[in-house]
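Written below as structure tokens is the structure these notes are about.
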Amino acid sequence: MLGIDDPWVLAAYLLCIGSTLLCIVYGIICWNRGDEPVRPVDEAWAAQERKVEEEV
């Protein structure tokens, strides 16, 4: 098939093509999905990080 005698090489090529198609489909599905909501823990971490950067 396609001039490739070794089934493992053929499998590698097909898996590469399959994973590429899967990534494209996933990207199309998630294209305009919004960001996840900001959690209070994240805000506290960001405030602490800003404070540390100002001290340096």
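Read-outs throughout are calculated quantities, based only on the coordinates presented, and are distinct from any laboratory measurement. A quick note: this is a predicted structure, and the numbers were derived from the prediction, not measured. Heads up, the Cβs are rebuilt from the backbone with ideal geometry, glycines too, and the neighbour counts pull from every protein chain shown.
Which option, (i) 8.1; (ii) 3.9; (iii) 5.9, is the value of mean projected area of the Cα convex hull in nm² that was calculated from these coordinates? Given (i) 8.1; (ii) 3.9; (iii) 5.9, the calculated one carries the label (i). What angle, in degrees between 0 and 90 and rounded to the nearest 10, separates the Cα long axis of helix 7-29 from the longest principal axis of the Cα atoms of the chain? Roughly 40 degrees between the two axes. Rounded to the nearest 10 degrees, what's the angle between the helix 40-55 long axis and the longest principal axis of the chain, both from Cα atoms, 0 to 90? In the chain, helix 40-55 runs at an angle near 70 degrees to the longest axis.
For the chain, a crude dipole built from +1 on the beta carbon of Lys and Arg and -1 on the beta carbon of Asp and Glu, taken about the Cα centre, is about 260 debye to the nearest 20. Estimated purely from DSSP H runs of n ≥ 4, each contributing -39500 (n - 2.57), the mean residue ellipticity at 222 nm for the chain is -24000 deg cm²/dmol once divided by its residues.
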